[in-house]
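Below you'll find the structure, written out as structure tokens, and then a few comments.
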Amino acid sequence: MAGPMSVVLLVLLFITPLSSQQQEFPSVEVPQASPAPSADSMNVSVGHDSSADAASPPPVPKRRYRGKNGRKNMVREFLHAHNQVRALAGEKPFEWDDNLARYAQRWSEKRRSDCAIVHSMGPYGENMFWGSGWDWRVADAVGNWAREHMYYNPSDNSCMSGKMCGHFTQIVWNSSEAVGCARVECFSGGVIITCNYDPPGNWVGESPFGSLE
């Protein structure tokens, strides 16, 4: 992977207890993140005033990664990476939904000035990824989410103590049928990747695989 990369922050809208058989999940190429910076160096402003951006927008950075051959192939990359994970979990493949992709794009654009991981709190399931530098790819985001399978405990349908597994469980959620994603480069540097899922997963008391039995 080219270019400097510092950190990855992963946040899920719903992180809930979850079960089924453990699987070997795909080795989608995952970068090793260096130590997280201080809060000051992250420069995250949750209370960001979007009207200030409209008055004096910063210059748009040069685009470096758009998928192997533009948007169409980036869509294929998103679908392929997600459906690798779902296949290994025994779940049917996702379909791409342009409405979900537009939703993800609009929300990611709103975060472009502060590059903050803040969830949309909308009607869909949502996974978000942030990395510093310009060159984070689709496989980096989905691969990091998929790696959480090692923290999923099928015996009591929960995440390992102190660990996240909700990004993974949303990807393999049995009743989720469609995905739409967006990748946005922030004005100050960094990349946000957002994926939305419909119907949403990670319901409290339910297993991602459709049964707790």
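Read the figures in this text as sums done on the coordinates, not as results from a lab. The structure displayed is predicted, hence computed values, not measured ones. Here the Cβ is made from the backbone with ideal geometry for all residues, glycine too, and neighbour counts use every protein chain on show.
Observations, loosely collected:
- With kT/(6 pi eta Rh) evaluated at 25 °C and eta = 0.890 mPa s, and Rh the Kirkwood radius from Cα pairs, the range 96-152 diffuses with a coefficient of 190 µm²/s according to Stokes-Einstein.
- Cα point-scatterer Debye curve for the range 63-167, base-10 log of I(q)/I(0) at q = 0.10, 0.14, 0.16 Å⁻¹: -0.33, -0.66, -0.87
- Evaluating 6.51 cos²θ - 1.76 cosθ + 1.60 at θ = phi - 60° for every residue in the range 78-94, the Karplus couplings come out as 4, 5, 4, 5, 5, 6, 4, 5, 5, 5, 5, 8, x, 9, 5, x, 6 Hz, glycine and proline recorded as x.
- The range 146-213 shape via C-alpha gyration tensor axes, a/c threshold 1.5: oblate
- Stokes-Einstein, applied to the Kirkwood radius of the range 132-177 over Cα pairs at a viscosity of 0.890 mPa s and 25 °C, places its translational diffusion at 210 µm² s⁻¹.
- Loop-located trypsin sites (Lys or Arg not before Pro) in the range 141-193 (DSSP state not H, G, I, E or B) with no more than 14 neighbouring Cβ atoms inside 10 Å: LYS163.
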